[in-house]
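Beneath this line is the structure, given in C-alpha cells, with notes to follow.
The values are calculated or read from the model by the stated rules, or taken from the named source; none is laboratory data. Note that the structure is a prediction, hence the values are computed from the model and not measured. Using ideal geometry, Cβ is built from the backbone for each residue, glycine included, and neighbour counts are taken over all protein chains shown. Please note that ligands, DNA and RNA were not included when accessible areas were found on the heavy atoms of the full protein model with its side chains. Shrake-Rupley method; radii C 1.70, N 1.55, O 1.52, S 1.80 Å.
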Amino acid sequence: MTVQVILKGFGEVVKEVTFRVRRYDPEKDNTPKYSEYKVPVKKGMTVLDGILYIKEHIDPSLSARYSCRMGICGSCAMIINGKERLACQTQILELNKDLIKVDPLGNYNLIKDLVPDLSKLFNNHKSVKPYIIRNDNPPTAEYLQKPEEREKYAMFTECILCGACLSACPTMAADDLYLGPQALAQAYRYIADSRDMGFEERLNVLDSKHGVWRCHFAGACSEVCPKGVDPALAIQLLRGVLMKNSFFGYKQVPAPVGKERPTVVEGLKVLEEKIKESEKK
Amino acid sequence: MRESKIMFLQYLTGLLILVFGGLHFLALSFLTPSPDKQLYVYQSATNHTLVGGALYYNYVLDIYKNLAWAAVFELFLTVVTFHAFNGFRIILSEQFSGPTASKVISYSMLIIGLIVFIWGTRTILLAFLG
C-alpha cells in the first residue's frame, strides 16, 4: 500500500516572475549582456530551480554551476537581486519580487554566463595550508581535544568554499593579491586548533603586504556567508594572534596523542609498506 | 619589517595624532603664553582671561619659541608624516599590486615622506629660532 502525502498548494503555479540573467560567452560576446526569461513559479521553487527551468524549457545554452541542491556543496553561489546567495537555498517567493536579477559572483574571472572561475579562491585557500600541521611522528591514535578547545574555531569549520565572501569583499575588488576572507578565516581555523603546530609555516603568507592587515572590516563577507560563518571576526582574531606574535611570540602547545589504537598502527604499517612498494616501482 | 609591526606603528601613530593634535589645538585655541592675557569683554563690568577666545598672532608665534612646545610639534610632525605616508603606501599597494609596484610605492613614499618631514622640521626650527 502506498501512502500519498498531499501538500496544500504544492505544485501549483503561484505566479510568473521575470529572470534577468547576465549572459556572457567568451567565444561569442565582447561584453556581457542581460537576457530576460518568464518563469512560472510554484511553491517551494528556488532560484536554482528557476535557472534549471530556463535551461530545460527556454534556453539550453544558459550555463550555471550546481551540484547538491541543498546548500552543502557551495557550487551555486551567485548574486541574486544584488546579494551573494546560494541559488539552491533562495526561495523565489521569499524574495517577494516580480523581477529576479541573477549575476555571476564578482571579483572572479568569468568562464561563461553564471560560472565564475574560482581558481583565485582555491589558490588562496591552498596558500594558507588549510590542514593540521605537526612536526612529530605520524599519530597512532587521535589527537585529544577538549570540547571547549574545539569551540574556539568551531564556527569556521562550516565554510563550504562557495566563494560568496570573496565576491562581496571590497578589498578583493581593489587588490588582486589579497588573500581574501575565506583563506584568512581558514588560516585562523587551523591556527586556533589545539592539534595544529603550523603557525610559523603560515606566518609569511598571513603577515604579508597582501595578508591579514589589508582587511578594511567592511563586514560584507560575514553579511553574505550562507553558512553563518563570520570571516570578519576570524580576521580580527588573527590580527590579535599576529600582533601578539610580533612582540611576545606566539607558541602553539601541541595536543597530546590519545591511547594507541592497534587498527591505526596496523593501518600505518600497511601505508608504509605501500609507499615502499610504490617507491621500488 | 613584518607588516604586523608596521601596522602596530600605524595604530600607535593614529592614537598619538589624537594626543598631539589635541595639544596643538589647545595651543592655538586656549593657551596664552604672554602675561598680557586680559581681555575686555564688551558690555561686561570686568576683564576676563582669554579662555575660549582667539589669540593674537604674536602669542601664537611665542608658543613656537618655547622649547617644550617645539618638541611637541616636532613629534606631531613625525607621527603625522609616518601615519599619512604609510597610509598612502597601503592604499596604493592595494590599487597597484605586484612586487615591482610594491617596491616603487614603498620607496617613493619613504622619499616623499622624508622630504615632507625635513621641510616641516625646517619650519618648526625657523619659528623656534625666531
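Considering every residue within the range A:34-46, establish whether at least one is open to solvent by 30 Å² or more (accessible area, probe 1.4 Å) and in a loop (DSSP other than H, G, I, E, B). Show your work before the answer.
Kept after step one, since they are open to solvent by 30 Å² or more (accessible area, probe 1.4 Å), are these residues of the range A:34-46: A:34, A:36, A:38, A:40, A:42-44.
Narrowing the set further to residues that are in a loop (DSSP other than H, G, I, E, B) leaves A:43-44.
Yes, there is a match, as at least one residue in the range A:34-46 is open to solvent by 30 Å² or more (accessible area, probe 1.4 Å) and in a loop (DSSP other than H, G, I, E, B).
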Practice item. Could you please let me know if residue B:49 is modelled with pLDDT under 70 and exposed (fewer than 14 other Cβ atoms within 10 Å of the Cβ)? Key: yes
**Study point:** Candidate set: the range A:148-197, residues that are within 14 Å of chain B (Cβ to nearest Cβ), touching a residue at least 12 places away in the same chain (Cβ under 8 Å) and outside any helix (DSSP H, G or I); chosen: the one nearest to the chain's Cα centre (by Cα)
**Key:** A:180
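Check whether at least one residue in the range A:202-219 is hydroxyl-bearing (Ser, Thr, Tyr) and not in a loop (DSSP other than H, G, I, E, B), and report yes or no.
Restricting attention to the range A:202-219, the residues satisfying the condition of being hydroxyl-bearing (Ser, Thr, Tyr) are A:208.
Next, from what is left, pick out any that are not in a loop (DSSP other than H, G, I, E, B): none.
Within the range A:202-219, not a single residue is hydroxyl-bearing (Ser, Thr, Tyr) and not in a loop (DSSP other than H, G, I, E, B).
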Review point. Which of the residues belonging to the range A:163-194 are open to solvent by 10 Å² or more (accessible area, probe 1.4 Å) and either of a type in the set (Gly, Ala, Ser) or in contact with a Pro (Cβ under 7 Å, 6 or more places away or on another chain) (or both)?
Key: A:165, A:167, A:168, A:169, A:173, A:174, A:186, A:190, A:192, A:194
Point to revise | Cβ pairs under 6 Å, 6+ apart, first in the range B:73-87 and within 15 Å of residue B:108 (Cβ to Cβ), second surrounded by fewer than 19 Cβ atoms within 10 Å (Cβ to Cβ) | key: B:81/B:113; B:81/B:116; B:81/B:117; B:85/B:113; B:86/B:10
Exercise for review: Answer with yes or no whether residue B:89 is basic (Lys, Arg) and under 19 Å from residue B:5 (Cβ atoms).
Suggested key: yes
Check your understanding: Among the candidates A:244, A:276, which residue alone is of a type outside the set (A, V, I, L, M), part of a helix (DSSP H, G or I) and more than 14 Å from every other protein chain (Cβ to nearest Cβ)?
Key -> A:276
Study note, to complete from the structure: Within the range A:236-281, the residues that are charged (D, E, K, R), open to solvent by 100 Å² or more (accessible area, probe 1.4 Å) and within 31 Å of the chain's Cα centre (by Cα) are A:244, A:251
Study note, to complete from the structure: Listed by first then second residue, the pairs whose first member lies in the range B:1-24 and is more than 14 Å from chain A (Cβ to nearest Cβ) and open to solvent by less than 20 Å² (accessible area, probe 1.4 Å), whose partner is hydrophobic (A, V, I, L, M, F, W, C) and part of a helix (DSSP H, G or I), with beta carbons under 6 Å and at least 6 positions apart or on separate chains, are B:13/B:79; B:13/B:82
Point to revise | Long-range neighbours under 9 Å by Cβ, at least six apart or interchain, first residue more than 7 Å from chain A (Cβ to nearest Cβ) and farther than 10 Å from residue A:175 by Cα within the range B:90-104, second charged (D, E, K, R) and part of a helix (DSSP H, G or I) | key: B:90/A:214
